[in-house]
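One structure is given below, encoded as structure tokens.
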Amino acid sequence: MNLLFIGGTRFVGDAMAREAIARGHSVDIFHRGTTPAKNLEGAMHLHGDRVKDLSALATGRWDAVVDCCGYRPHEVSLMLDALAGRFAKYVFISSVSVYADGIAHNSDETAARADASTLDPDALETMPIDAASYGRLKVLCEDMLFTRHADNLVIRPTYVIGPHDYTPRFPEWVRRIAAGGEVLAPGPRHAAIQYVDARDLAAFTIGAIEQDARGPFNAASPRGPFGFGDMLDAIAEAVAPPGTTLKWLTPHEAKASGNSYPLWHEGGDYGVAAINSDAAHGYGLTGRPLGATARDVLAWLRASEAQP
């Protein structure tokens, strides 16, 4: 297949482009050229800006477009305009953040989404993308796509983890636990948490394209129930030196400590952190052991720190 990646040189997009190349697909990557493209031999790099300069996409036809960096509805609209009539399937990387607060544990893709009508329509192109706006902007992106194109594949991942993760979330827990000693952990231990390794997400996404899958898919592993304590225990088993201990704090103690606790929702046990991903697993989503991801992340961190 001929695949076009919108953003494919950073973390999630990079993992997906690599997976597609490994499977023998023809890969074009449209990006700004600001992130070094490594281990993407065989791909055609098309430089531009999805909002300011789409001239590099003036020609070409693709079996699928994989949009890894659409955050605002006008960005999706501009891409659909630029590529009109020259692609079959549009694959949009969304997020479980599209779901409304308060959904039940084990909710599937039909769960209520966040109310995006509360966003100022005149400020959509400029408003900060933060915890308050991110999910609702993704809702509007999905709606733009659903309205304008019929053959869609929408992927809604939970927290994406793995080597090359530029966020301070999962890598920070690996770093703290690998340093040993007493590691402060925010309770409760049972609070739901989910994740998906970027490489497993990539394998599922490219496989779903190959199977001509359509519609939204939640992408999360494990399938639950799985708690914050289970996650930290698995990291510790993989990378902690002898004598390492986890000191569990109550939610109040954790909040009062003034420390940062990535991936923690201030002690909440939210449905969006325990989403049903049966549909994705039915199309081939699998999750490698968390300990394997933790070891790979630690190796990546150490290699990065050793670079001059």
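The values are calculated or read from the model by the stated rules, or taken from the named source; none is laboratory data. Just so you know, these numbers come straight off a predicted model, no measurement behind them. In this analysis, Cβ positions are derived from the backbone assuming ideal geometry, glycine residues included, and neighbour counts consider all displayed protein chains. Ligands, DNA and RNA are stripped out before the accessible areas are found, and what is left, the full protein with its side chains, is counted by its heavy atoms. Shrake-Rupley method; radii C 1.70, N 1.55, O 1.52, S 1.80 Å.
Considering only residues that are among the small types (Gly, Ala, Ser), under 17 Å from residue 208 (Cβ atoms) and assigned to a strand (DSSP E or B), which ones fall in segment 19-68?
64
From the list 251, 225, which one is in contact with a strand residue (DSSP E or B) (Cβ under 9 Å, 6 or more places away or on another chain) and within 16 Å of residue 105 (Cβ to Cβ)?
Among 251, 225, only 225 is in contact with a strand residue (DSSP E or B) (Cβ under 9 Å, 6 or more places away or on another chain) and within 16 Å of residue 105 (Cβ to Cβ).
Spot the failing condition for residue 27; the list is (1) out of contact with any Leu (no Cβ under 7 Å at 6 or more places or on another chain); (2) open to solvent by less than 30 Å² (accessible area, probe 1.4 Å), and only one is missed.
(1)
So, in segment 70-87, how many residues would count as being in contact (Cβ under 8 Å) with a residue 40 or more places away in the chain, over 17 Å from residue 29 (Cα atoms) and outside any helix (DSSP H, G or I)?
So the count comes out to 2.
Being hydrophobic (A, V, I, L, M, F, W, C) and open to solvent by 30 Å² or more (accessible area, probe 1.4 Å) is the filter; apply it to segment 125-156 and report the residue that is nearest to residue 76 (Cα to Cα).
Ranking the qualifying residues of segment 125-156, first place goes to 144.
Counting just the residues of segment 157-184 that are open to solvent by 40 Å² or more (accessible area, probe 1.4 Å), under 21 Å from the mean Cα position of the chain (by Cα) and more than 13 Å from residue 235 (Cβ to Cβ), which one comes out modelled with the lowest pLDDT?
The extreme case among them is 168.
Could you list all residues from segment 258-281 that are among the small types (Gly, Ala, Ser), surrounded by fewer than 19 Cβ atoms within 10 Å (Cβ to Cβ) and at pLDDT 95 or above?
If the condition is that a residue be among the small types (Gly, Ala, Ser), surrounded by fewer than 19 Cβ atoms within 10 Å (Cβ to Cβ) and at pLDDT 95 or above, then 279 is the only one that fits.
Just to be sure before I move on: is residue 303 more than 21 Å from residue 234 (Cα to Cα) and open to solvent by less than 20 Å² (accessible area, probe 1.4 Å) in the structure I sent?
It is false that residue 303 is more than 21 Å from residue 234 (Cα to Cα) and open to solvent by less than 20 Å² (accessible area, probe 1.4 Å).
Looking only at residues in segment 88-112 that are part of a strand (DSSP E or B) and either polar (S, T, N, Q) or touching an Asp or Glu at 6+ places or on another chain (Cβ under 8 Å) (or both), which one is most open to solvent (accessible area, probe 1.4 Å)?
88
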